[in-house]
Amino acid sequence: MKKWTIGNPDKNMAAELARQGGLSRICSEILVSRGIDTFEKAAAFFSHEDAALSDPFLIKDMQKAADILLDAVDSGKKICVYGDYDCDGITAAALLYSYLEAMGGDVCYYINLRSEGYGMCADAVRKLADDGVELIVTVDNGISAIEEAKLVKELGMELIITDHHKVGEELPEAAAVVDPHRPDDLSPFKDLCGCGVALKLIAAMEDGDYDSVLEQFSDLAAIATVADVVPLKGENREIVRTGLHYLENTENPGLQALMSAAKVEPPISSTTAAFSLVPRINASGRFGSASEAAELLLCDDPQKAYELASRLDKLNSERKKTEDIIMSEIKEHISRDPNILYERMLFIYGEGWHHGVIGIVAARLLERFGKPVFILSDDGEYARGSARAPAGFSVYEALAACSDTLTKFGGHSGAGGFSLTKDNIEAFKKALLKYAAEEFTAVPLYTIHADMLLAPDMLTVEEISSLSVLEPCGEGNPKPMFAMLSAKISEVIPLSGGAHTKLRLSYGGTDVTGLLFGEKTEDFPYKTGDVLDIIAYPEINTYGGRSSVNIKISDYRRSGISQQKYFAAKGAYEDHKTGTVINKALMARMIPSRDDLAAVYRAIPARLTASDMVYSAVCSDSLNYCKFRFALDIFEEMGLISRDVYSETVMRLPVDKKVDLENSKILTELKTGTPIP
């Protein structure tokens, strides 16, 4: 079970906002829930004027960078655009290269292989010098390239850096350093992605005029902005809004082919771009060469573009298969050693896991198990890792606290990467667990947030359609999510041969269809008549000229469970499993009685069933989640049940003789407080 939070907007304030702004009831309540609770704040949120792109020359060194590049084009100097191997860096490189080439510049581009690491690479710099490059301009990287910048100068080349990452204590030595995060930068908007900075550089070379620049390049900038998960507020909101508009009718053959391969059709939302286009561009940097994606975005030949897009589509499929293989190996690892799930963070490593995929796997595990995840891939002498964490736990601070065990690390609060020698893996794990124990009474949990409780009478085509004014949605302006409490299942319907599940629900007297994509019907643990609490987002479904409202379900649970008690008891259980000393009074409330054991056993069916579903059937003030988990441990020990801790499922096994639970070592240890050898 995941932790939920549900917003509770002031209804009177929302009604006044709806009256003043001409908004629908559902939109005004969403805005108030997000702190946009006055007409002035709402006007600022919706105003395109406030979101208009600011003068590019307000960014420090932008004038210098534009002048140097224009002079280099005019004088015929050989220019190299140096990008990065993620979607932001690839699109930024394609965008700036395309512009400079159209201007008549002698231009090439270079994007690192993933094996070369992030940012400027000394060997690449030397190769560019040998190839006659006279000016390097970075996009989406370079702000930390202190030594590489010195090398560029030593080799007689000129350097312009454009980046959007945080600035260190020292700036690289370059002819221009364009980064909104410079301490001496006075530009009003700091949250651009790398491609957004490159877009502004082109506008600067156009004397600050954005009109033609946005028409030609905002489609690429929109994809990059969504991909880099920067806040979709202010100028980013305008870039994405404009870019998605142009993307729907793009004249870029590469983007046309990519959308065809991804089966993307208008209207195109930020969510569509994030889940259909971005992964295919990123796949080139993960499984091939990022230059393949850049070549696609720069391609003029529709047939060649089709071939390249098909290649990226296959690489994306390969990425998915690799993810599944790693997830399968992790499942086996956890099945062999379930105790790793009880630590304050999930720490796991394997051999030869693809470095371009382990970050995605870490994100999936975070969502599944709800606690910080650190994954390492052992490649012999060294190991490389990736981490993801819920809000409230900073990956960067955790890595910094353990830096003496690492050879390299970086990241931010929610994610990070690191490397270390193989013989330091155990020391790193101990340091992480020590950090978590010292810094947190309880490690923050992965949380799903709903903006508000959805009233049944809001489930109309008119109300749900009105949510479109909140687009584009993404980081900082998420897709609206709603809680629906006490929704009764009327029917469970398999889709696509049972690969997906459709629910017919009765919610406050209103009938609504709920969709569970990716959840097999045979795995869905509830049945007709059960009452669920749900977090979902509604969508309009149009078929045969008629429109109706569906909900896409993000999470669900049996109605009525107290999550506060659930997580408190789960934390106590995990503390006990990891050897934490628990006071006697609390321990006494954790030990299942004979009646508790009987109740749990009777609730376990003879088919594989979600553990939380069994718990929801027996939970009470006296039978808490901790008792429930100990009961499962006891039954498993005595051969009465089969359990999969990874998928959190359980089933009763057939027995042909009486089993005396008093013979359980686990139960005896719980009662006596003394481990039995």
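The values are calculated or read from the model by the stated rules, or taken from the named source; none is laboratory data. None of the values given here were measured: they were computed from a predicted structure. Every residue, glycine as well, gets a Cβ built from its backbone with ideal geometry; the counts of neighbours run over all protein chains shown. The area values use the complete protein model at the heavy-atom level, side chains included, leaving out ligands, DNA and RNA. Shrake-Rupley method; radii C 1.70, N 1.55, O 1.52, S 1.80 Å.
D for the range 279-390, whole µm²/s, Stokes-Einstein with Kirkwood Rh over alpha-carbon pairs at 4 °C and 1.567 mPa s: what number? After rounding, the answer is 85 µm²/s.
Give, as ranges by residue number, the residues of the range 549-570 whose backbone N falls under 20 Å from the point 7 Å along Cα→Cβ of E637. Inside the label zone: 570.
A Förster distance of 45 Å, applied to the separation of the beta-carbon atoms of D300 and T542, puts the FRET efficiency at 0.80.
As a test, work out the antiparallel percent of DSSP beta bridges whose residues both lie in the chain, rounded to the nearest 5. Please list the in-between numbers first.
Numbers: 55 of 87 bridges.
Approximately 65 percent, going by the DSSP bridge assignments.
Using a probe of 1.4 angstrom and keeping all protein chains present, the accessible surface of the range 263-348 works out to 47 square angstrom per residue. Can you list the lysines whose alpha carbon sits under 16 Å from that of K314, skipping same-chain ones fewer than 8 residues off? By straight Cα distance, K314 reaches K263, K304.
Taking every alpha-carbon pair under 8 Å whose residues sit at least 6 apart, the chain reaches a relative contact order of 10 percent.
The ellipsoid equivalent to the alpha-carbon distribution of the range 339-432 has semi-axes of 18, 15, 13 angstrom, derived from the gyration tensor eigenvalues as √(5λ) and listed largest first. Alpha-carbon geometry of the range 361-495: the Rg and the Dmax are 20.6, 62 Å, given in that order.
Semi-axis lengths, largest first, of the ellipsoid equivalent to the range 1-104 are 46, 19, 11 Å, with √(5λ) applied to each eigenvalue of the Cα gyration tensor. Helical runs (DSSP H, four residues minimum) scored at -39500 (n - 2.57) apiece and divided by the length of the chain put the mean residue ellipticity at 222 nm at -13000 deg cm²/dmol.
Fully extending the segment from K127 to H412, taken as 0.36 nm per residue of separation minus the present Cα-Cα distance, adds 99.4 nm.
As an exercise, use a Förster radius of 22 Å and the Cβ-Cβ distance of T510 and R602 to find the FRET efficiency, rounded to the nearest 0.05. That pair, T510 with R602, gives E of 0.05. Given R0 = 30 Å, the distance between the Cβ atoms of E439 and T674 translates into a calculated FRET efficiency of 0.40.
In this structure, the pairs whose alpha-carbon distance is over 28 Å, taken from K320/K577; K2/K166; K3/K502, are K320/K577; K2/K166. Each 10 Å bin from zero up to the one holding the largest Cα-Cα distance in the range 122-279 carries the following percent of pairs: 10, 34, 30, 21, 4, 0. Under the classification rounded if a/c is under 1.5, otherwise prolate if a/b is larger than b/c and oblate if not, where does the range 1-62 fall, given a ≥ b ≥ c as square roots of the Cα gyration tensor eigenvalues? Because a/c hits 1.5 or more and a/b fails to exceed b/c, the range 1-62 counts as oblate. Accessible surface of the range 143-233, 1.4 Å probe: 47 percent of it comes from carbon and sulfur atoms.
Looking at the range 345-407, the GluC sites (Glu not before Pro) that sit in a DSSP loop and have at most 16 other Cβ atoms within 10 Å of their own Cβ are E381.
Using the Kirkwood formula on the Cα atoms of the range 611-677, what hydrodynamic radius do you get, in angstrom to one decimal? Before the final figure, lay out each step's value.
Values: mean 1/r = 0.0766 Å⁻¹.
About 13.1 Å, per the Kirkwood formula over Cα pairs.
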